[in-house]
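Structure first, commentary second.
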Amino acid sequence: MDVLTGIGDMQVRAEQDRLAGKNIGVVPTMGALHEGHMNLVRAARSACDVVTVTIFVNPKQFGPGEDFNSYPRVLERDLSACEAEGVDIVFAPEAGEMYPEGFSTKVAVAGLTAVLEGAARPGHFDGVTTVVAKLFAITKPHRAYFGQKDAQQVAVIKRMVRDMNFDLEIVVCPIIREPDGLAMSSRNVYLSSDERREALALFRALKKAEELVASGTRKSADILEGMKQTLTDTEIRKRDYIAIVNPATMEPVETLEPDQPVLVAVAARVGGTRLIDNTIVTLAE
Ligand code: AMP
């Protein structure tokens with residue numbers, strides 16, 4: 001496995017692989033790798049000749065007062081995990097390599113970035129699209145792998161790829177959960193054992209939404225009400241949002257229609273940690 005930190009080195013390597021006719025799969029991450037990440041790596045490994053994992057805690061996608069400084073950084077452990085899964089290349093640049101003096105470009109998707117995570121974290125998605133556009137230009141993927149855990153990020157990146165004609169395929173992989181249902185996240189290490197229990201409220205609310213839709217509930221207002229009833233008062237107070245939206249546009253859906261999947265998304269602050277989770281549900285005919 002090669003570990004590269006220079007953009008030029010990464011581009012030369014990617015170009016060589018392309019010229020050799022190899023199919024490149026890229027998994028962008030911020031490191032502190034867990035099973036959610038490794039599932040993306042395995043999906044890439046099974047479909048691509050060359051698998052590149054990028055590890056970069058991107059300062060531009062953190063707002064002031066967010067956890068950029070405390071975000072877990074465990075590069076040696078991440079490299080072992082990648083090696084064990086047969087990753088070919090890890091690209092792990094320093095911030096100064098990605099954003100040198102005078103860096104002044106921003107890639108921004110309008111509209112669907114204004115709501116949900118975008119509303120809660122101003123500037124977050126501009127940071128994401130800027131770094132992902134750079135990572136695409138540096139690692140030259142045929143396929144890039146993203147997790148459904150960050151459902152709005154998936155929608156935003158798909159829109160950027162479409163609008164800017166990036167010549168690659170976005171592959172979306174399912175949410176990987178702990179045995180009790182908590183969605184895996186690099187941020188789960190921040191949780192105390194009490195908070196870890198409280199964090200299950202997100203999953204519980206999403207399960208309720210799935211049950212209500214499976215039993216034919218069509219009105220989003222009724223589903224949202226049912227979800228709120230699964231939450232205790234403290235959990236409700238700490239809630240950032242619960243929303244039922246179109247998975248591609250993030251526009252609110254008022255009434256579910258058969259065969260039209262909707263995204264049920266939740267975000268909550270548990271202790272000092274902000275967690276997100278979601279599920280895609282479809283009303284049966
Ligand atoms: P991050 O390192 O948090 O930026 O995540 C890197 C990629 O892994 C993103 O595409 C995430 O959506 C994905 N990811 C993170 N956690 C999970 C999870 N529990 N299940 C599936 N994908 C995940």
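For the stretch 180-285, which helices (runs of 4 or more DSSP H) that fit wholly inside it have 3 or more residues that are touching a Leu at 6+ places or on another chain (Cβ under 8 Å)? Give the steps one after another, and end with the answer.
Working: elements: 193-198, 200-214, 220-229, 233-237.
Once the helices (runs of 4 or more DSSP H) in the stretch 180-285 are filtered for at least 3 residues that are touching a Leu at 6+ places or on another chain (Cβ under 8 Å), what remains is 200-214, 220-229.
Asp150: closer than 30 Å to Gly111 by Cβ, open to solvent by 80 Å² or more (accessible area, probe 1.4 Å) and either modelled with pLDDT of 95 or more or in the same structural domain as Ala44 (by TED's automatic domain parsing) (or both), yes or no?
No.
Residue by residue through the stretch 32-58, note down the ones that are within 13 Å of the ligand (Cβ to nearest atom) and under 20 Å from Ala133 (Cβ atoms).
Hits for the stretch 32-58 are Leu40, Ala44, Val53, Thr54, Ile55, Phe56, Val57, Asn58.
I'm trying to understand the selection: among the residues of the stretch 165-177, which are more than 8 Å from the ligand (Cβ to nearest atom) and closer than 21 Å to Ser46 by Cβ?
Answer for the stretch 165-177, where residues must be more than 8 Å from the ligand (Cβ to nearest atom) and closer than 21 Å to Ser46 by Cβ: Leu168, Glu169, Ile170, Val171, Val172.
One residue is enough: does the stretch 119-133 have a residue meeting the conditions in contact with a Cys (Cβ under 8 Å, 6 or more places away or on another chain) and modelled with pLDDT of 95 or more?
Let us first name the residues in the stretch 119-133 that are in contact with a Cys (Cβ under 8 Å, 6 or more places away or on another chain), namely none.
Among the residues of the stretch 119-133, not one is in contact with a Cys (Cβ under 8 Å, 6 or more places away or on another chain) and modelled with pLDDT of 95 or more, which makes the answer no.
Scan the stretch 1-31 residue by residue and report those that are of a type in the set (A, V, I, L, M, F, W, C) and either away from the ligand (no atom under 16 Å from the Cβ) or at pLDDT below 95 (or both).
Listed by number, the residues that qualify are Met1, Val3, Leu4, Ile7, Met10, Val12, Ala14, Leu19, Ala20, Ile24.
Wholly within the stretch 106-164, which helices (runs of 4 or more DSSP H) include no fewer than the required count, namely at least 1 residues that are in contact (Cβ under 8 Å) with a residue 60 or more places away in the chain, hydroxyl-bearing (Ser, Thr, Tyr) and away from the ligand (no atom under 12 Å from the Cβ)?
In the stretch 106-164, the matching helices (runs of 4 or more DSSP H) lie at 124-139.
Open to solvent by 30 Å² or more (accessible area, probe 1.4 Å), within 24 Å of the chain's Cα centre (by Cα) and either at pLDDT below 95 or more than 25 Å from Thr113 (Cα to Cα) (or both): which single residue out of Glu251, Glu235, Glu198 fits that description?
Answer to the selection: Glu198.
Looking at the stretch 119-128, is at least one residue within 27 Å of Arg18 (Cα to Cα) and under 16 Å from the mean Cα position of the chain (by Cα)?
yes
The values are calculated or read from the model by the stated rules, or taken from the named source; none is laboratory data. Being a predicted model, the structure only gives us computed values, none of them experimental. As a convention, Cβ positions derive from the backbone with ideal geometry for all residues, glycine included, and neighbour counts pool all protein chains shown. The protein model used for the area step is the full one, side chains on, heavy atoms only, and it has no ligands, DNA or RNA in it. Shrake-Rupley method; radii C 1.70, N 1.55, O 1.52, S 1.80 Å.
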